[in-house]
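Okay, structure first, notes after.
Where a number appears in this text, it was derived from the coordinates with a stated rule and is not lab data. Nothing here was measured: the structure is a model prediction, and the numbers come from that model. Note: ideal-geometry Cβ built from the backbone for every residue, glycine included; neighbour counts use all protein chains shown.
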Amino acid sequence: MLAFDSIPDHDRGEGRSGALRDLRVGRRRTVLKAAVLGALTIGAAALTPPRRARAETGPNALTGWDRNDCRDAYPTGYAEDADTGGEFVNTYAACWAGGWRSSEFCEAGWHKFGTVVVGDVHVDHAPIATMCGTTTTKNAWRWTTPDGKVYRCSDGFSTYWGGGQSGLTYLTICRARV
């Protein structure tokens, strides 16, 4: 157990403490300098600004845009369309195009993939990378709404079977908060 009176007194020249005796360092000052340098390094790393955003890759290996103003996909921008359903239907519009725009087309923040059964209707969802962009097509892009929130708009096709639907396919947009 460490007791206060077992700490060597520097003024009396008692030398190194037991903790430093076996280390190959010159003095206690060297250890103190190393501790201060370590703390400064950690502090500087914490203050480093975040790196630029990078293109994201969705769960189906489709790439999204790496900006949040959509200018890389549409240099002159676009007029956002309001959501047709889901949790953002009464908020600022963010996504554009598609027959339907909703968070209901999302899974883990990207357009759904696979078949979903809703009542007696089967819906086949498939993310696509053919609709967004001018020179390079990608699946999704980010958009910042006037309230400062960032959303991912991920493209896909949804085909409806049953319940009066006979294979009708729509361009659908998944809107997810990023």
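Quick notes on this one:
- For segment 132-171, the pair-distance distribution built from all alpha carbon pairs, in bins 5 Å wide starting at 0, is 6, 18, 14, 17, 14, 14, 10, 6, 1 percent.
- Computed over neighbours whose Cβ is under 11 Å from that of N60, the net charge equals 0, Lys and Arg +1, Asp and Glu -1.
- For V150 and W100, the difference between the fully extended length at 0.36 nm per residue and the C-alpha to C-alpha distance is 16.1 nm.
- Inter-label distance, V121 to L171: 2.0 nm, where each label sits 7 Å from its Cα along the C-beta direction.
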